[in-house]
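Report on the following structure.
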Amino acid sequence: SVSGGWISSVSQDASPSLGGNLSLNTYSIYLNSLPASNLSGEGLYTTATVGENVSTSTLLYLKSDGKYWKTDADASSTMPVAAMAMQIINADASGKVLHYGYFRDDSWSWPTKGGLLYASTTPGAISGSQPSGSGDQVQIIGYAATSTVIFFNPSPVLIELN
């Protein structure tokens, strides 16, 4: 039911089927930009298989074997960033990977709201500064929304440094 322009009641359906296009009419999809708890997020995610053990908030690329592996900005073969692990996932197991949205990790301490974030030369890591070595891959993966929350939105643009 709709009340005051917002949906106020939703029925649970264990196996919903749209059967066609989803029309939002005058409504929007809302993402909470400040996830309530550590190591949580909101956005567009899938369940995917990883090729190696990954920790929560590890940056991932999609390898030709169909599995996600840790990125490393030192080499074009381990880029571009396509997703971020939303949980600990063991090698050859499936888990949630974020493709777009907000994620909170209380171990982060990003110094500048709005500061750009990059894939790191440390495998799977996020950096507040772009790689600078010859052959490094530079990809913006989002920005710091707060000191502990990022907006994850990996750019499709990848630049190799000389």
Checklist outcome for this item: Exactly one of GLY128, GLY135, GLY115, GLY95 is surrounded by fewer than 22 Cβ atoms within 10 Å (Cβ to Cβ) and on the phi > 0 side of the Ramachandran plot, and that residue is GLY135
Next on the checklist: I'd like to know if region 24-34 contains one or more residues that are at pLDDT 80 or above, open to solvent by 90 Å² or more (accessible area, probe 1.4 Å) and of a type in the set (A, V, I, L, M).
Outcome noted: yes
Next on the checklist: I'm checking my understanding of the structure. Among residues of region 56-71 that are in contact with a helix residue (DSSP H, G or I) (Cβ under 9 Å, 6 or more places away or on another chain) and basic (Lys, Arg), which one is surrounded by the most Cβ atoms within 10 Å (Cβ to Cβ)?
Outcome noted: LYS70
Next on the checklist: I'd like to know if region 62-80 contains one or more residues that are among the β-branched types (Val, Ile, Thr), modelled with pLDDT of 95 or more, farther than 30 Å from SER134 by Cβ and in a loop (DSSP other than H, G, I, E, B).
Outcome noted: no
Checklist entry - For PRO123, are the conditions met, namely being over 16 Å from the mean Cα position of the chain (by Cα) and either surrounded by 19 or more Cβ atoms within 10 Å (Cβ to Cβ) or assigned to a loop (DSSP other than H, G, I, E, B) (or both)? => result no
Checklist entry - Could you list, in sequence order, the residues of region 35-55 that are in a loop (DSSP other than H, G, I, E, B), over 18 Å from LYS70 (Cβ atoms) and open to solvent by less than 80 Å² (accessible area, probe 1.4 Å)? => result PRO35, SER37, ASN38
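The values are calculated or read from the model by the stated rules, or taken from the named source; none is laboratory data. Because the structure is a prediction, the values reported are computed rather than measured. Positions of Cβ are backbone-derived with ideal geometry, glycine not excepted, and every protein chain shown enters the neighbour counts. Side chains included, ligands, DNA and RNA excluded: accessible areas come from the protein's heavy atoms. Shrake-Rupley method; radii C 1.70, N 1.55, O 1.52, S 1.80 Å.
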